[in-house]
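Everything on this sheet refers to the single structure shown next.
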Amino acid sequence: RNQSLKEIIILPAITRDGKRVEVAANIGTPEEADLALNQGAESIGLYRTEFLFMSKKEMPSEEEQFKAYRQVAEVMGDKPVIIRTLDIGGDKDLPYLNLPQERNPFLGYRAIRIGLEQKELLKIQLRAILRASAYGNLKVMLPMISSLEEFRKVKMIFEEIKDELKALNISFNHKIELGIMIEVPSAALLAPAFAQEVDFFSIGTNDLVQYCLAVDRMNEKVAFLYDHFHPAVLRLIKMVADAAKAAEKWVGMCGGMAGDPLATPLLVGLGLKELSMEAGKIGKIKQIIRKLDARDCQKLAEEVLKLPTTQEVREKLLEYSKANI
Ligand code: PEP
Ligand code: MG
């Protein structure tokens, strides 16, 4: 029987052969967490905190941040919420930070690079997240990580803040996970090394595609070259999925590819544990997953990874969707 999307959003996404995939929502404000739940989100795979910063005339205080993060934690209850630290720069400006004008903002002073130079900013945010972690199931995720050194520097700061909170008897989740976005090709290529040190990965295809293919994600003129089905992008994703599996680490995806129905069988076949997307897409993606056979998707992924062009990948996936969904 073909179930309606309304019926499906409340069901878990389990393949016909019993493999469960977490279907999650990307949010930008605490208010969106309620909407995400109503649309069937099983977790928040990406909370983009930059909107909290962009909606103010000055830096939000630790207290303001704490309130926002606690609100999301409480709305979601036991369900995981991945909070991403500030990802500003690139296309997103923050007037009060006085960021420099750059020739190549996407290759410049952005995201964790800002956090590691303006450490107080990062520390305040991490402290706010840690304090909020006492009220739900929060995880921390770092954007634009491109080397192990960057991760280790943040990890050290994170541990220092935890020690401070312990000393002050302020409660937080002592087991809170610290993971990274995989959105720079260097991080994907080093995934086996990262997998030894991070708690989880989430693949950010919006930037990964841009950096892998050297195609500005905001530039209309080259938009036709921007495609998450490019075979080179697929190879990077596979490396990350395989590295996570080998190290028994959790791997999800929070870029636009996660909400693309044509990609779902391939992503299930590659072994991603979670797909996080705009809440409005959740029902459709759950519906697709419930029609799939995970073992068959694995075979599909093997075949797709052998194809040398984007067009052949798209044709193969279209053919598979027509036959199976
Ligand atoms: C991504 O790069 O895929 C991502 C999810 O982050 P953002 O779109 O916020 O850069
Ligand atoms: Mg990104």
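The values are calculated or read from the model by the stated rules, or taken from the named source; none is laboratory data. Every value quoted in this text rests on a predicted model; they were computed, and no experiment measured them. Note that we place each Cβ from the backbone using ideal geometry, even for glycine, and neighbour counts take in every protein chain shown.
So here's what we get for this one:
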quantity: Top-ranked residue in region 189-232 [being of a type in the set (D, E, K, R) and assigned to a helix (DSSP H, G or I); ranked as farthest from PRO261 (Cα to Cα)]; calculated: LYS221
quantity: Identity of the residue in region 44-74, of a type in the set (A, V, I, L, M, F, W, C) and surrounded by 24 or more Cβ atoms within 10 Å (Cβ to Cβ), that ends up nearest to LEU138 (Cα to Cα); calculated: ALA73
quantity: Of residues in region 206-251 being of a type in the set (D, E, K, R) and within 16 Å of ligand 2 (Cβ to nearest atom), the one nearest to VAL23 (Cα to Cα); calculated: ASP207
quantity: Cβ pairs under 9 Å, 6+ apart, first in region 286-298 and closer than 21 Å to GLY40 by Cα, second part of a helix (DSSP H, G or I) and modelled with pLDDT under 95; calculated: LYS286/LEU5; LYS286/ILE8; GLN287/LEU5; GLN287/ILE8; ARG290/ILE8
quantity: Among (1) of a type outside the set (S, T, N, Q); (2) within 13 Å of ligand 1 (Cβ to nearest atom); (3) assigned to a helix (DSSP H, G or I), the one test that ILE180 misses; calculated: (3)
quantity: Flag for PRO185 being surrounded by fewer than 18 Cβ atoms within 10 Å (Cβ to Cβ), more than 20 Å from LEU126 (Cβ to Cβ) and modelled with pLDDT of 95 or more; calculated: no
quantity: Residue list for region 75-117, filter: exposed (fewer than 14 other Cβ atoms within 10 Å of the Cβ) and closer than 16 Å to PHE158 by Cα; calculated: GLU117
quantity: Top-ranked residue in region 192-204 [being buried (at least 24 other Cβ atoms within 10 Å of the Cβ) and within 16 Å of ligand 1 (Cβ to nearest atom); ranked as nearest to ARG152 (Cα to Cα)]; calculated: PHE201
quantity: Yes/no for PRO265 being surrounded by fewer than 23 Cβ atoms within 10 Å (Cβ to Cβ) and farther than 29 Å from GLY89 by Cβ; calculated: no
quantity: Leading residue by the ranking (nearest to SER276 (Cα to Cα)) among those in region 155-198 that are more than 16 Å from ligand 2 (Cβ to nearest atom), acidic (Asp, Glu) and out of contact with any strand residue (DSSP E or B) (no Cβ under 7 Å at 6 or more places or on another chain); calculated: GLU197
